[in-house]
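Report on one structure; see the data block that follows.
Laboratory data are not the source of any read-out in this text; all were calculated from the coordinates shown. Since this is a predicted model, take the numbers as computed values, not measurements. Cβ placement follows ideal geometry from the backbone for every residue including glycine, while neighbour counts extend to all protein chains displayed.
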Amino acid sequence: MRRTPDDLLQDEQARYLHVVWCDNAGVIRAKATHLPSLRDEESGAPAARLRERLGRCLTVTQTIQGLPVTADVPVAEARLEPTREIRLVPDWETLRELPWAPGHLRAMANLELDGEPWVHCPRAFVRRMEAAAAKLDLAVRAGAELEFVLLRPGVGSDGEPLATDATLYAAMAAFSKSREVIDAISEGLYGQGIALENYNPESASGQHELSLRHRPLLETADQIVAARETIRAVARHFDLVASFLPKIFPDQAGSGCHVHLSLHRDAENVTGDAGGAWKLSAEARAFIAGLLEHLPALLAATTPSPNSYRRLQPSTWSGAFTAWGIDNKEAAIRVLQNPFGDGPTHFELKSMDLAANPYVALGCVAAAGLDGITRGLELGPPVHRNPAALPAVERQTLNVRRLPETLSAALAAFRDDAVLREAMGDEMSRVYTAVREAEVRTFADRDLDFERRLLLERY
């Protein structure tokens, strides 16, 4: 039985509480409180008093959301002056013991200003999108496939990072070579209440994939953050680096974060409909149509690093075109057939990676899909081939377009997308784009080796 937050906080073995947030550059950050010192100060106080104190003792300057991934130097265009303190308020429902770090606890942070959700709080953004779905009598749920590469220290004679293996997709040899670390990662996740779906070695050297089960949007975003840090921390115990950088090896597959989405009403999955077109419900068809319409702008949130566009290439199973298909792994949106029921139970967005802030990404995904439902958008026919192989005339007929090929182009599409900007909020969208545009400038005309040296251990 999982222990309650009060039990965990009052446990004499608990040393630190880490309160975690994800910034606009997709960097996972945390501040911690030393629990024995607090318990000494509040000797004999009830757990409620400890929680109340812990909700007040950690703050950061508002400038923190204006930092790029490259360095802790504020982006001037973000205009977040170091003049206000933002409170890191633990969400006690997310409090967990860290299995790989005895005595350490972790909770996700709500960012608050003057006792209210701060306009730049990414978790608050997801909550707003969950409320928007509820107004349509719907709930959006998501699962995620996390791809990462395990690397040994140093580089090879060719200057390339040293992967733990050089085998193939789903090769048992890759699993056998990394079994101990994969087992430890899996136990670390499961020990935090993160249920796993599937595991397999992936195509690139040292690449693996772990799938997280479907959960409500906010919970899924929280679990992605927890999983990223768990995987990296456990890998360190084996003297390995686990990297989620979208493109590490120039001639091998990149690492993404495929998101599986489903629509629910009154706890019933309403994604499929045996009598609907392609056995999809009207809501699911409109949601997918919304995703496709907003996808060029959506990339600014889901593939938000210049390095992301080295991965987002045609014929690499990364979803490089505005196309959807049934069991089509080259389409940006793949509807999975359900051989055991009356229609699909979920659909997959492939155009996402873990340079993303998962709250920003999933919040924008929900905003795009819900806009499709609100406007009653019609879904065009599915694409049954690799979109890259379609003749130009057929692409035009099917409204299949190449997605932006650079982060700069995706940000330009985002600036022109009123739906996504309004969903995020004027201030949050302005600061978010300022941070990502600063990264565009830093990486302009830089090569992959420069990106790897700077980002390999930041993502």
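Kindly express, to the nearest 10 degrees and within the range 0 to 90, the angle between helix 282-302's C-alpha long axis and the longest C-alpha principal axis of the chain.
Roughly 70 degrees, rounded to the nearest 10.
For a label point 7 Å from the Cα of residue 152 along Cα→C-beta, name the residues of the stretch 423-459 whose backbone N is under 15 Å from it.
Counting backbone N atoms under 15 Å from the label point, the list is empty.
Please arrange 374, 433 by counting, for each residue, the other beta carbons lying within 10 Å of its beta carbon, fewest first.
If I rank by nearby Cβ atoms, fewest first, I get 374, 433.
If we count other beta carbons within 10 Å of each Cβ, what is the order of 222, 266, 23, fewest first?
Ranking 222, 266, 23 by Cβ neighbours within 10 Å, fewest first, gives 266, 23, 222.
Can you list the equivalent-ellipsoid semi-axes of the stretch 142-187, largest first and in whole Å, using the square root of 5 times each Cα gyration tensor eigenvalue?
22, 13, 12
Could you put 406, 302, 4, 33 in order, starting from the residue whose Cβ has the fewest other Cβ atoms within 10 Å?
4, 406, 33, 302
Considering the alpha-carbon set of the chain alone, what are its Rg and its Dmax in angstrom?
Using the Cα atoms of the chain, the pair Rg, Dmax is 21.8, 75 Å.
At a 10 angstrom cut-off on C-beta neighbours, averaged per residue, how do the peptides 7-17, 202-212 rank from highest to lowest?
The densest-packed peptide leads the list: 202-212, 7-17.
Given +1 on the Cβ of Lys and Arg, -1 on the Cβ of Asp and Glu, and no further charges, what dipole in debye does the chain carry about its Cα centre, rounded to the nearest 20?
For this selection, approximately 240 debye.
Can you tally the net charge around residue 166? Count Lys and Arg as +1, Asp and Glu as -1, for every other residue whose Cβ sits under 13 Å from the Cβ of residue 166.
Summing Lys and Arg as +1 and Asp and Glu as -1 gives -3.
Could you work out the local net charge near residue 202, counting Lys and Arg as +1, Asp and Glu as -1, over the other residues with Cβ closer than 10 Å to its Cβ?
Taking every other residue near residue 202 into account, the sum is -3.
Looking at the chain, send over the antiparallel percent of its DSSP beta bridges, to the nearest 5.
That works out to approximately 85 percent antiparallel.
Mind checking the full-extension length gain between residue 81 and residue 187? Use 0.36 nm per residue of separation minus the Cα-Cα distance, one decimal, nm.
Using 0.36 nm per residue and subtracting the Cα-Cα distance, I get 34.0 nm.
What does the stretch 344-459 give for Rg and for Dmax, in Å, if only its C-alpha atoms count?
16.9, 46
Taking the Cα atoms only, what angle lies between the long axis of helix 217-237 and the longest principal axis of the chain, rounded to 10 degrees?
The answer is roughly 70 degrees.
List, largest first, the extents of the alpha carbons of the stretch 281-340 along their principal axes, each in whole Å.
Computed over the stretch 281-340, the largest-to-smallest principal extents equal 39, 21, 15 Å.
How long is the gain from residue 408 to residue 31 if the chain were fully straight, where each residue apart is worth 0.36 nm and the alpha carbon distance is subtracted?
Once the chain is fully extended between residue 408 and residue 31, it gains 132.5 nm.
What distance in nm separates the two pseudo spin-label positions at residue 72 and residue 12, each 7 Å out from Cα along the beta-carbon direction?
3.5 nm
How large is the dipole of the stretch 119-227 about the Cα centre if only Lys and Arg carry +1 and Asp and Glu carry -1, each at its Cβ, rounded to the nearest 20 debye?
With Lys and Arg at +1 and Asp and Glu at -1, about 500 debye.
So how far, in whole Å, is the C-alpha centre of the stretch 64-85 from the one of the stretch 124-201?
Result: 30 Å between the Cα centres.
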